[in-house]
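First comes the structure, then the notes that go with it.
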Amino acid sequence: MNPRRRYYGRTASIYNLLSQAGRFGLSAQEARGQIDQLVNVVRHWRDGFLACGVSAKDIDYIAPAILPDCFFFERQSDT
């Protein structure tokens, strides 16, 4: 692996996001602050969907795609 290449596939993870902070003119600390703000909003997605009339069945169906466990990986996966 090229040591200058610091992104790790397409996994939606904190680790991957932080590895590309510089592309957006952010330090890792600034990027982490933005990620934390985003997570604080998205954590309440179910309430918003219910308020808009989305059925519980549909919410359960899409739930694995919104803030999946892999998002919270903070280091490169061993796989």
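The values are calculated or read from the model by the stated rules, or taken from the named source; none is laboratory data. Bear in mind the structure is a predicted one, so any value in this text is a computation, not a measurement. Please note: Cβ atoms are built from the backbone with ideal geometry, for glycine as well, and neighbour counts cover all protein chains shown. Protein only, heavy atoms only, side chains kept; ligands, DNA and RNA dropped before computing areas. Shrake-Rupley method; radii C 1.70, N 1.55, O 1.52, S 1.80 Å.
The 1.4 Å probe gives accessible areas that order Tyr61, Tyr15, largest first, as Tyr61, Tyr15. Computed from the Cβ-Cβ distance with R0 of 25 Å, the FRET efficiency linking Leu26 to Leu67 stands at 0.75.
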